[in-house]
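Presented below is the structure to which this report refers.
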Amino acid sequence: MAAPLRAAFAPRLSTVATEEYTKLTEMLAAIQLTNDPDVRRCPWEDKAHRLSSSKIYKSVVSNGEGCEYYKFIWENRAPSRVKFFGWLLVQNRIQTKENLLKKHCVDSDTCDICGAHIESSAHLIAGCTFSSSFWYRLGIALGEDDVSTLWQVQPPHGVPSLHFNAFILLCCWRIWKHRHDVVFRSLPLCYARLFTGCREDAELWSCRLPPDDRHVAHTWATMFHSCISAVNISNDM
């Protein structure tokens, strides 16, 4: 079989292709052909031996190797676009100025919010003075080093541990949107507006939680409302 098989390949194989061809011939050498009827098996067929699209999808999206943030991101009650944002965030792949500079889309990687440091994902979400104060007001200890491991952040007193992964992504998502308001819409930095957006999302996302868990989102909304009141009293941005 070796000669006919070799004829099916290009005349000149690359080094990698040659190695793969060698492995293939070794595998085929162990196969003994018979005159028995063929038995056709497909890993993506259902019990009725029909092609199953769900099995194909599962094999495509799963490479058999888990990652630390899989459950935090994908087993999350946040909307799909927010989960995708979170997936990019923990890998420092959101479109910050640091990443845009690498693509030659901007001339500087300096943060537009504080104007003092490189705008990386970690800086934008936790290291910038504005975002750092945001987390402080929520009672959450979150530093730049924690952004790449958000799933390890622990809920503070008063914040339910149930669906805390969604709470964290909600906050990160709103910081990102607030940054866009400042950079692209020329709106001023404003904690009251940021917390108001968080409260609105908490109310909207409540319908994404199981009925018995919706009190969690109401707790979030109450917490954000308290932060708004505190900001208004102190007249701090």
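The values are calculated or read from the model by the stated rules, or taken from the named source; none is laboratory data. None of these values were measured; they are calculated from a predicted model. Note that each Cβ is placed from the backbone with ideal geometry, even for glycine, and that neighbours are counted across all protein chains shown.
Observations on the structure shown:
- Of the set (1) over 22 Å from Ile228 (Cβ atoms); (2) over 18 Å from the mean Cα position of the chain (by Cα), all apply to Ile113 but (1).
- A single member of Ala221, Ala230, Ala192 is of a type in the set (Gly, Ala, Ser), assigned to a helix (DSSP H, G or I) and closer than 18 Å to Pro155 by Cα, and it is Ala221.
- Arg174 vs. criteria in contact with a Gly (Cβ under 8 Å, 6 or more places away or on another chain), under 19 Å from Asn76 (Cα atoms), in contact (Cβ under 8 Å) with a residue 12 or more places away in the chain and not in a loop (DSSP other than H, G, I, E, B): yes
- Matching entry among Ser148, Ser186, Ser161, Ser206 (being at positive phi and free of Cβ contacts under 8 Å to residues at least 60 places away in the same chain): Ser186
- Checked against (1) farther than 24 Å from Val216 by Cβ; (2) in contact (Cβ under 8 Å) with a residue 40 or more places away in the chain, His180 passes all but condition (2).
- Matching entry among Thr34, Thr22 (being part of a loop (DSSP other than H, G, I, E, B), surrounded by fewer than 12 Cβ atoms within 10 Å (Cβ to Cβ) and at pLDDT 85 or above): Thr34
- Just one residue in the set Ala202, Ala166, Ala192 is of a type in the set (A, V, I, L, M) and farther than 25 Å from Val90 by Cβ; that residue is Ala192.
- Any hit, region 159-175, residues being surrounded by 16 or more Cβ atoms within 10 Å (Cβ to Cβ), over 30 Å from Pro210 (Cβ atoms) and β-branched (Val, Ile, Thr): no
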